[in-house]
Amino acid sequence: MECGFCGRDIERGTETIFVTKKGRVFYFCSSKCEKNFLKLGRKPRKIKWTETYRTEKATRMGMVAKKKKAKKKGTAKGAKKETKTKKETKTKKK
């Protein structure tokens, strides 16, 4: 079983269980995780010591590395396409 906040494995019998009125179940490994999620309303992806933060950061860093490589090659996705000037379009119309 995994903690609903930090993502760590929980040893059987040591978890804290929280059930919402709608029937959704959350398992917490410690009171630290429980308080951060329920009382303080923090999002796990914004807290540095959680597993979801680490995975999101790895994907962000991968995206940054890809963009840097693409810029070096000159084939970045966001590269501006060559556009025709106004003079070129006017001459073609005539």
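No value in this document is a laboratory result; all are computed from the given coordinates. Just so you know, these numbers come straight off a predicted model, no measurement behind them. Heads up, the Cβs are rebuilt from the backbone with ideal geometry, glycines too, and the neighbour counts pull from every protein chain shown.
Once the Cα-Cα distance is subtracted from the 0.36 nm per residue extended length, the residue 58 to residue 32 segment shows a gain of 6.9 nm. Full extension of the chain between residue 72 and residue 25 gives 12.1 nm of extra length, using 0.36 nm per residue less the Cα-Cα distance. Of 3, 59, 26, which is farthest towards the positive pole of the range 1-66's charge dipole, taken about the Cα centre with +1 and -1 on the beta-carbons of Lys, Arg and Asp, Glu respectively? In the range 1-66, that residue is 59.
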